[in-house]
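Here, each number is a calculation from the coordinates, and none is a lab measurement. Keep in mind that what you see is a predicted model, and the values were worked out from it rather than measured.
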Amino acid sequence: MLDTHHHLWSYNTDEYGWIPEGTPLAQDQLLPELTSVTTEAGVSGTVAVQARQITAESDDLLKIADAGDLIQGVVGWVPLIDANVSTELERLAPHPKFTGVRHVLQDEPDEYFLRDDFHRGLALLPGLDLRYDLLLFQRQLPVAIQLVDRQPDLEIIVDHIAKPEAKNGQVENDWRRGMKELAKRDNIRGVKFSGLVTEFNDDPEYDPKTIEAYFNETLEIFGSERVMFGTDWPVCLLRSSYLNWADTVKKLVAPLSSDEQSAILSGNGTRAYHLDS
């Protein structure tokens with residue numbers, strides 16, 4: 001299994017003010033902790049994704065990744081709106097584990113998705129064999145589609161199935177409509193089935209039947225060749241253990257063919273992030 005989405009951090013309140021105090025997130029979550037949970041769950045490779053929007057984040061993640069073979073790829077952060085961002089990208093791109101870039105668009109106004117300077121930075125990524133992780137909420141799907149259409153040469157991977165407004169027992173029509181439209185774009189190379197357990201905002205617990213409904217809907221929309229497994233660890237610890245989420249996804253894919261299972265659990269992520277090149 002390849003976990004296509006997790007984070008790492010040395011916890012402090014200044015850089016991680018969004019983390020609730022007294023939770024499992026409010027402590028160091030680094031390579032030893034990652035190794036422990038992945039070993040227990042039978043996960044043999046991962047992709048580490050940025051959690052801080054500072055230039056040191058990419059270097060810090062790459063340094064950790066270089067300490068072993070578990071972390072196969074790093075999705076870092078660079079100031080894409082900076083006029084000189086090409087210098088930073090050209091410095092990072094040669095690293096064999098630097099596979100992509102992400103900006104926390106979910107926290108930005110809709111106008112940010114279409115900023116010319118932001119798109120100037122995005123347009124540099126294909127030439128450096130880098131991908132872009134698209135992090136958004138369901139309500140941002142319309143403007144996200146505009147972003148995707150402005151970058152037809154950019155390989156894009158959708159994080160956390162676009163964070164639907166999960167409610168027990170139903171799949172949101174606005175989410176379904178937006179995802180179907182997004183799926184028409186050939187440069188959407190993958191969508192991560194991850195992060196869903198923390199999107200049940202109105203409920204103290206998540207509903208397994210709703211999780212299954214979103215999985216089946218995502219599979220129908222994007223096909224087994226674009227859906228990929230991710231955990232969003234350690235954020236998932238707010239609602240689920242690493243092992244429990246990994247087992248949940250394994251049960252969801254169990255009715256599929258062995259080839260489809262392999263694609264979702266490892267192959268799609270490996271291909272989308274060019275980890276075998």
Percent of C-alpha pairs per 5 Å bin, the stretch 1-133, short to long: 2, 10, 19, 21, 19, 15, 9, 4, 1, 0
DSSP bridge orientation in the stretch 2-272 - percent antiparallel, rounded to nearest 5: 10
The stretch 63-130 and the stretch 235-277: distance between their alpha carbon centers, rounded to Å: 24
Residue of 123, 254, 144 that the Gaussian network model of the chain assigns the largest fluctuation, springs spanning Cα pairs under 10 Å: 254
The chain: DSSP helices with Cα axial extent of at least 20 Å and average Kyte-Doolittle hydropathy no lower than -1.0: 208-222
Segment residue 274-residue 241, extension gain: residue separation times 0.36 nm, minus the distance between their alpha carbons: 9.1 nm
Choice from 104, 148, 74 with maximal GNM fluctuation in the chain (Cα, 10 Å cutoff): 104
Global form of the stretch 3-56, assessed from the alpha-carbon gyration tensor, a/c cut-off 1.5: oblate
Convex hull volume per residue in cubic angstrom - Cα atoms of the chain: 121
Overall form of the stretch 53-189 per C-alpha gyration tensor (a/c, 1.5; a/b vs b/c): prolate
Over 24 Å (Cα to Cα) - which of 97/184; 167/250; 97/250; 209/251; 163/184; 163/251 fall in this group: 97/184; 97/250
Candidates 208, 255, 24: whichever shows maximal mean-square fluctuation once the chain is modelled as a Gaussian network with Cα springs under 10 Å: 255
The chain, helix-only ellipticity at 222 nm - DSSP H runs n ≥ 4, -39,500 (n - 2.57), divided by all residues, nearest 500: -9500 deg cm²/dmol
